[in-house]
1. If you take the residues of region 234-267 that are polar (S, T, N, Q) and assigned to a loop (DSSP other than H, G, I, E, B), which of them is nearest to G57 (Cα to Cα)?
2. Mind listing whichever residues of region 206-227 are open to solvent by 30 Å² or more (accessible area, probe 1.4 Å) and within 11 Å of ligand 1 (Cβ to nearest atom)?
3. Within region 125-132, identify whether any single residue is surrounded by fewer than 20 Cβ atoms within 10 Å (Cβ to Cβ), touching a strand residue (DSSP E or B) at 6+ places or on another chain (Cβ under 9 Å), of a type in the set (S, T, Y) and more than 19 Å from N55 (Cβ to Cβ), and answer yes or no.
4. For region 33-53, does any single residue satisfy the condition of being within 14 Å of ligand 2 (Cβ to nearest atom), modelled with pLDDT of 95 or more, closer than 22 Å to S159 by Cβ and open to solvent by less than 60 Å² (accessible area, probe 1.4 Å)?
5. List the pairs whose first member sits in region 228-249 and is open to solvent by less than 10 Å² (accessible area, probe 1.4 Å), whose second member is more than 12 Å from ligand 2 (Cβ to nearest atom) and of a type in the set (F, W, Y), and whose Cβ atoms are under 7 Å apart, counting only residues at least 6 apart or on separate chains?
6. Report whether or not R291 is in a loop (DSSP other than H, G, I, E, B) and either modelled with pLDDT under 95 or open to solvent by less than 100 Å² (accessible area, probe 1.4 Å) (or both).
7. Just to be sure before I move on: is S63 farther than 18 Å from P254 by Cα, more than 16 Å from ligand 2 (Cβ to nearest atom), out of contact with any strand residue (DSSP E or B) (no Cβ under 7 Å at 6 or more places or on another chain) and modelled with pLDDT of 95 or more in the structure I sent?
8. How about region 70-119: which of its residues are in a helix (DSSP H, G or I) and small (G, A, S)?
Amino acid sequence: MPRPAAYNWINVGFFTLSPLSALVGVGYYTYRQGLHPGDWASFWFMLCGTGLAINAGFHHYYSHRSYECHWLVQAFYLLFGAAAIQNSALVWASNHRSHHRFVDQEGDPYNIQKGVFLAHMGWTFYHNPLPPEQRFANVPDLTANRLVMWQHRYYLPLSVGTGLLFPLLLGCIYGRPWGSFFWGGLLRMVLFHHITFLVNSAGHAVGSQPYSVRDSSRDNWWLALLMFGGGYHNFHHAFPGDYRSSVAWYQWDPTKWWIWSLNRIGLTWRLNRTPARSILQARLQREGRKRGEMSDSRSQERKEQCLPSL
Ligand SMILES: [Zn+2]
Ligand SMILES: [Zn+2]
């Protein structure tokens, strides 16, 4: 029987104060010192690094094992994933596997049925109610992985070092350590927190469902633009073992392009693709169901119109 969830006051403080300090810090610094191209470059470099590490690494590689990759790529995922300051790969993947397994039900850490705020960031305000021996039962492959366990053990110094001190050092290259700290460290971290959170909130509340209505997941092109392709969430929930977040050539999916490009140079392999026939079948079933629902509602309307008014 799981214990009731208690507030995680460290997370409550961190996720409410970090946006405030980013806003005040970036606003004040930029007002006084202006915006240097180096600050901007640091922001984009850190955003792209952490974005790929979370979506291609923590998500498609560690949570879903949808491809294999070289240890150098794994090291990049673990270091830049720590810089995103979204917990260790072990905790991230364990939460995410629970999300897929129990989606929309008790046991889903970001259950949209409990409200958009809880699904977005409210869930981070609570401790995991599971006892430690059960918490990582769904990630035995990761508890057996030495690199993952090393990152988990040293997560705090690693995340501060790569997420905040590293941008500060980058800024020393062009003589503005604090400019790089505020833009590439703090602001980038806060923005990417909320981009990731949006997948669990907006990605289950607004958008289209072209592949399945088994759960609340939705496709959103604008979320894909923000989340390095990870906005096609209905496709992802329908085919979670696929290394891609999207299938059409015109859909923005830098994570898919990154994994595919690394495959060309031998750094990733065994890329798992859902057969095109299964994807087409899901779409056709969904279309058929939609047409069925429309004709049902039309015949219901006709029946209601034929009823004598009382
Ligand atoms: Zn989801
Ligand atoms: Zn997933």
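The values are calculated or read from the model by the stated rules, or taken from the named source; none is laboratory data. All values reported here derive from a predicted model rather than from experimental measurement. As a convention, Cβ positions derive from the backbone with ideal geometry for all residues, glycine included, and neighbour counts pool all protein chains shown. For the accessible areas, the whole protein counts, side chains as well, though only heavy atoms, and no ligand, DNA or RNA atoms are used. Shrake-Rupley method; radii C 1.70, N 1.55, O 1.52, S 1.80 Å.
1. Initial filter on region 234-267 (polar (S, T, N, Q)): 234, 245-246, 251, 255, 261, 263.
Narrowing further to those that are assigned to a loop (DSSP other than H, G, I, E, B): 245-246, 251.
Details: S245: 13, S246: 17, Q251: 20 Å.
The extreme case among them is S245.
2. Across region 206-227, the qualifying residue is only R218.
3. Among the residues of region 125-132, at least one is surrounded by fewer than 20 Cβ atoms within 10 Å (Cβ to Cβ), touching a strand residue (DSSP E or B) at 6+ places or on another chain (Cβ under 9 Å), of a type in the set (S, T, Y) and more than 19 Å from N55 (Cβ to Cβ), which makes the answer yes.
4. Filtering region 33-53 down to residues within 14 Å of ligand 2 (Cβ to nearest atom) leaves none.
No, the conditions are met nowhere in region 33-53.
5. From region 228-249, the pairs are G229/W252; G231/W221; G231/W222; N234/Y211; F235/Y211; Y243/Y67.
6. Working: in a loop (DSSP other than H, G, I, E, B): no; either modelled with pLDDT under 95 or open to solvent by less than 100 Å² (accessible area, probe 1.4 Å) (or both): yes.
No: the conditions fail for R291.
7. Details: farther than 18 Å from P254 by Cα: yes; more than 16 Å from ligand 2 (Cβ to nearest atom): no; out of contact with any strand residue (DSSP E or B) (no Cβ under 7 Å at 6 or more places or on another chain): yes; modelled with pLDDT of 95 or more: yes.
No: the conditions fail for S63.
8. Taking region 70-119 and keeping what is in a helix (DSSP H, G or I), we get 71-83, 89-101, 112-114, 116-119.
Result: A75, G81, A82, A83, A89, A93, S94, S98, A119.
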